[in-house]
Amino acid sequence: MYFNTFEKFNESLTEAKNDKVYLEKNGQRIQLWSAISQGTGSTIQLTERSYITNKESDKNYDSKTEDLAASVRSQYKTIRKAQNSTMHKIPVFENLKNDKYSVWGGDAAPITYHYLIVSTGTITVIGYFNNKKEALSWISSMI
C-alpha cells in the first residue's frame, strides 16, 4: 500500500515537470501559457502580430523563449516546416475559472486555434499568429 502511494507521488512529480503550452483568451486579451497546472505557470501577453525572442537586447526578449520553443515542438505536431522554422496549431481556451481545460484532461474544449511559428538558430524566435492564412504566408516566405 505504501509503495503504491509513493509511486503515485512520483508520477505526480513527473507530470508537474511537464509544462503544457496553450493560449487563453480573456476578453480581447490573449495570453500564452507555459504551465505546470491550469492557472499556475508563466504567461506572456500577445497582440495580433507579436513575437518573443531569446535575444537579450530585443524589446520582446523573454528568458523562457528556448524552453517554450522546445515545449511547443514536443507537444504539437508540425504543420509546416521551412529551413529552421516550424508552424504549430495551438488551442485557445476561454478563461474559465472553474472548468478544467482539455489539455489537463478536463471537459473544456478549445474555442478556436491560433498558430505559433518557432524559429531556432543563433536566435530563437516564437511568432504568434491569430489565423492560419497569415501564419502560412509568413512561413512560406522563408522557403
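Where residues in the range 56-105 are of a type in the set (G, A, S) and free of Cβ contacts under 8 Å to residues at least 24 places away in the same chain, which of them is nearest to I44 (Cα to Cα)? Spell out how you get there, then give the answer.
Narrowing the range 56-105 to residues of a type in the set (G, A, S): 57, 63, 69-71, 74, 82, 85, 102, 105.
Cutting the leftovers down to free of Cβ contacts under 8 Å to residues at least 24 places away in the same chain gives us 57, 63, 70, 74, 102, 105.
Details: S57: 18, S63: 11, A70: 16, S74: 19, S102: 21, G105: 23 Å.
So, considering only residues that are of a type in the set (G, A, S) and free of Cβ contacts under 8 Å to residues at least 24 places away in the same chain, the one nearest to I44 (Cα to Cα) is S63.
Of everything in the range 46-57 that's closer than 18 Å to T112 by Cβ and among the polar types (S, T, N, Q), which residue is surrounded by the most Cβ atoms within 10 Å (Cβ to Cβ)? Show your work before the answer.
So in the range 46-57, the residues closer than 18 Å to T112 by Cβ come out as 46-50.
Applying the additional criterion that residues be among the polar types (S, T, N, Q) yields 47, 50.
Details: T47: 11, S50: 16.
Looking at residues that are closer than 18 Å to T112 by Cβ and among the polar types (S, T, N, Q), I get S50.
Quick one: in the range 20-29, of everything that is farther than 16 Å from I117 by Cα, of a type outside the set (K, R) and in contact with a strand residue (DSSP E or B) (Cβ under 9 Å, 6 or more places away or on another chain), which residue is surrounded by the most Cβ atoms within 10 Å (Cβ to Cβ)?
That would be E24.
Pairs, please: C-beta under 6 Å, at least 6 apart or cross-chain, first residue in contact (Cβ under 8 Å) with a residue 60 or more places away in the chain and within 20 Å of D67 (Cα to Cα) and in the range 122-133, second surrounded by fewer than 20 Cβ atoms within 10 Å (Cβ to Cβ) and among the basic types (K, R)?
The qualifying pairs are I123/K55.
Looking only at the range 104-143, count how many residues are touching a Pro at 6+ places or on another chain (Cβ under 8 Å) and surrounded by 18 or more Cβ atoms within 10 Å (Cβ to Cβ).
Final tally of qualifying residues: 1.
Looking only at the range 8-36, which residues are closer than 16 Å to W104 by Cβ and modelled with pLDDT under 85?
Once the filter is applied, which keeps residues that are closer than 16 Å to W104 by Cβ and modelled with pLDDT under 85, the range 8-36 yields E11, S12, T14, E15, A16, K17, N18, D19.
When the residues of the range 88-103 are filtered to those that are within 18 Å of K77 (Cβ to Cβ) and either in contact with a Lys or Arg (Cβ under 6 Å, 6 or more places away or on another chain) or exposed (fewer than 12 other Cβ atoms within 10 Å of the Cβ) (or both), which remaining residue is modelled with the lowest pLDDT?
V103
Return the only residue of T47, T122, T40 being hydroxyl-bearing (S, T, Y) and more than 16 Å from K25 (Cα to Cα).
It is T122.
The values are calculated or read from the model by the stated rules, or taken from the named source; none is laboratory data. Predicted, not measured: the structure shown is a model, and the values here were computed from it. Cβ coordinates were reconstructed from backbone atoms using ideal geometry, including for glycine residues, and neighbour counts include every protein chain displayed.
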